[in-house]
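*Asks:* Structure incoming, see below.
The values are calculated or read from the model by the stated rules, or taken from the named source; none is laboratory data. Model, not experiment: these values are computed from the prediction. Neighbour counts run over all protein chains shown; Cβ positions are idealised from the backbone, glycine included. Ligands, DNA and RNA are stripped out before the accessible areas are found, and what is left, the full protein with its side chains, is counted by its heavy atoms. Shrake-Rupley method; radii C 1.70, N 1.55, O 1.52, S 1.80 Å.
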Amino acid sequence: MTTEHYDVAVVGGGLVGLSLAAVLGRSGFKTALVEAREPQLEWDENSIDLRVYAISRVSQQLITDAGAWDSIAPHACAYRDMHVWDAGGNGEIHFDSAELGEPDLGHIIESRVIEKALLDVIKAQPGIEWLCPTNVASIEESDGRHKVVLEEGRELVASLLVGADGKHSSIRDYAGIHARASDYGQQALVAVVDTERGHDHTAWQRFLPTGPLAFLPLRGGMSSIVWSATSDEAKRLLSLDDADFCAELGKAFDYRLGNVLSCGERVLFPLARQYAERYVAPGIALVGDASHVIHPLAGQGVNLGFKDVRELVSVLSEARDAGRDIGSLPVLRRYERARKGDNMATMLAMDGFKHLFGTRVPPVRWLRNAGLNLFDAATPLKNLVIRSAMGL
Ligand SMILES: Cc1cc2nc3c(=O)[nH]c(=O)nc-3n(C[C@H](O)[C@H](O)[C@H](O)COP(=O)(O)OP(=O)(O)OC[C@H]3O[C@@H](n4cnc5c(N)ncnc54)[C@H](O)[C@@H]3O)c2cc1C
């Protein structure tokens, strides 16, 4: 059996693991990336991936640094405005990129487009080994390093083992890091829909008592919806025929884009929050959903993962340049300290929004709507919040 040595072995080639490997490779780290699932590399150009992401400006910068933005840009849909309003009153907030002097607030991009662009970068770099499809068979410690044995038979020894393997992370389990999870009692219904009026390059979100409903603009004038609702309600919405579903969706969305004309396949995602108690152990680090899973209501999950990537590569580069061991705990703790607070604050903010907008108690509803309108009128504060969400 051959044993190969790497600076970093990344397990999990979702968007976070792919971007990490791409940036590590460009920073001169010899990297192995292990992924169990074959990526989708070809598709009908007229089709739209069910999984789309709101990608913030700071994430766009990371993807640019990874060398993948130029091939993504022609397929990305910029959104220049954002409208958020409350179904339980008259409260509304409007964010406008022109007010900030920015060309846009972010982009909506299909998952498969980002995945393929990052993979193309990875395959073009001799310092990165793409090992797919294969799974981790076992991990053991050898001379202070972790040895990963793959199901296909190869052995990898790395100074640092990174778990980018999502919410059910086996690397987190191996490291003995406990993750606290709790169910939101909601599921998100995701679909691509066509509406009577164009989306006007605007991201829309209406808070219903049963959960938030988002319309995200796609190229070609279509919209991607994420409709979070109690599990029973989400299952009921899934069971409707297309005509009844479109009618309910249009009404729930206040007909902001007119009637919903048609919808594609509908899929449910169960929603739970989860956070790892630690992000690091000797020779091991966790990034992305392996360390934090949040409610998708503000589309921040993968954006937080990209911020993890930026921080981890910065910490590792500094350690290497100073001649320090990149797997040592004091080095890795710098990464953990830099990211845990931001990830936790975002998770708590999402929980706060979910509970605030889920309440039907009249005084709270009144205060909530008054607060939204006050916030909308407070331009400097509003601009500060949106700039922070954009990562500027
Ligand atoms: C409905 C919905 C909408 C969302 N919308 C947005 C949005 O607009 N913007 C946003 O920022 N976030 C959004 N999110 C959150 C986002 O989907 C996640 O945060 C993101 O996918 C996490 O990426 P990841 O790479 O960390 O993990 P994952 O995407 O889970 O990838 C993990 C990868 O690891 C692989 N893997 C696992 N175990 C092994 C193993 N043992 N060996 C090899 N490979 C392994 C898996 O095959 C997988 O490819 C949304 C989430 C939901 C549910």
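*Asks:* Given the pairs K167/K307; K147/K340; K167/K340; K30/K116; K30/K147; K123/K340, which span a C-alpha to C-alpha distance of over 23 angstrom in this model?
*Replies:* On the way: K167/K307 17 Å; K147/K340 27 Å; K167/K340 16 Å; K30/K116 21 Å; K30/K147 15 Å; K123/K340 31 Å.
Among K167/K307; K147/K340; K167/K340; K30/K116; K30/K147; K123/K340, the Cα-Cα distance tops 23 Å for K147/K340; K123/K340.
*Asks:* Also: Put one equal scatterer on each alpha carbon of segment 184-308, apply the Debye formula with no solvent term, and list log10 I(q)/I(0) at q = 0.12, 0.17, 0.18, 0.21 1/Å to two decimals.
*Replies:* -0.50, -0.87, -0.94, -1.17
*Asks:* Give, to the nearest whole percent, the P(r) tail of segment 66-198 beyond 27 angstrom, counting all Cα pairs. Please list the in-between numbers first.
*Replies:* Working: 4523 of 8778 pairs.
Summing the P(r) of segment 66-198 above 27 Å gives 52 percent of all pairs.
*Asks:* Next question, about the same structure. What is the angle, in °, between the Cα long axis of helix 242-252 and the longest principal axis of the Cα atoms in the chain? Nearest 10 is fine, range 0 to 90.
*Replies:* The angle comes out at about 80 degrees.
*Asks:* Just name one of H75, Q60, V34: the one whose Cα is farthest towards the positive end of the charge dipole of segment 1-98 (beta-carbon charges, Lys/Arg +1, Asp/Glu -1).
*Replies:* Result: V34.
*Asks:* Does anyone have the angle between helix 329-358 and the longest principal axis of the chain? Alpha-carbon axes, 0 to 90°, nearest 10?
*Replies:* 20
*Asks:* Next question, about the same structure. Taking the Cα centre as origin and putting +1 on Lys and Arg beta-carbons and -1 on Asp and Glu beta-carbons, what dipole magnitude results for segment 215-267, to the nearest 20 debye? Numbers along the way, then the final one.
*Replies:* Working: 6 positive and 8 negative charges, 45 e Å.
Dipole magnitude for segment 215-267 comes out near 220 debye.
*Asks:* Could you list which residues have their amide H under 5 Å from that of Y79, counting only those 5 or more apart in sequence or on another chain, with H placed in the peptide plane?
*Replies:* Here the answer is L105, G106, H107, I108, since their amide H atoms fall under 5 Å of that of Y79.
*Asks:* Rank by packing, highest mean first: peptides 306-312, 103-109, with packing defined as the count of other Cβ atoms within 10 Å averaged across residues.
*Replies:* Details: 306-312: 24.9, 103-109: 21.4.
Listed from highest to lowest mean packing, they are 306-312, 103-109.
*Asks:* Further question: Report E152's accessible area, 1.4 Å probe, all protein chains in place, as a number in Å² to the nearest 10.
*Replies:* 100
*Asks:* For the chain, take the longest principal axis of its alpha carbons; what is the angle in degrees between that and the long axis of helix 301-321, to the nearest 10 within 0 to 90?
*Replies:* So the helix axis and the longest Cα principal axis differ by about 30 degrees.
*Asks:* In Å³ and rounded to a whole number, note down the convex hull volume per residue for the Cα atoms of segment 147-217. List each step's numbers first, then the result.
*Replies:* Numbers: hull volume 14.1 nm³, N = 71.
Looking at segment 147-217, the number lands at 199 Å³ per residue.
*Asks:* Next up: Please report the accessible area of V385 (heavy atoms, 1.4 Å probe, ligands and nucleic acids excluded) in Å², nearest 10.
*Replies:* Roughly 70 Å² of V385 is accessible to a 1.4 Å probe.
*Asks:* With a 10 Å radius around each residue's Cβ, average the other Cβ atoms per peptide and rank 260-267, 44-51, highest first.
*Replies:* Values: 260-267: 15.8, 44-51: 12.1.
Packing proxy ranking, top to bottom: 260-267, 44-51.
*Asks:* How big is the Cα convex hull of the chain in projection, averaged over all directions, in nm²?
*Replies:* On the way: hull surface 78.5 nm².
Averaged projected hull area, Cα only: 19.6 nm².
*Asks:* Can you compute the charge dipole magnitude of segment 107-245 about its Cα centre, using +1 on each Lys and Arg Cβ and -1 on each Asp and Glu Cβ, nothing else charged? Give it in debye, rounded to the nearest 20.
*Replies:* Details: 14 positive and 21 negative charges, 68 e Å.
Around 320 debye, computed over segment 107-245.
*Asks:* Moving on to the next point. How much accessible area per residue does segment 41-128 have, in Å², with a 1.4 Å probe?
*Replies:* Details: 3580 Å² over 88 residues.
Each residue of segment 41-128 exposes 41 Å² on average to a 1.4 Å probe.
*Asks:* Return the whole-Å distance between the Cα centroid of segment 300-337 and the Cα centroid of segment 232-256.
*Replies:* 44
*Asks:* For segment 193-320, give the percent of accessible area contributed by carbon and sulfur heavy atoms, probe 1.4 Å, rounded to a whole number.
*Replies:* On the way: 2410 of 4660 Å².
Within segment 193-320, the accessible surface is 52 percent carbon and sulfur.
*Asks:* Size of the dipole of the chain about the Cα centre, Lys and Arg at +1 and Asp and Glu at -1 on the beta carbon, nothing else charged, in debye to 20? Write out the running numbers ahead of the final one.
*Replies:* Values: 40 positive and 52 negative charges, 249 e Å.
It works out to roughly 1200 debye.
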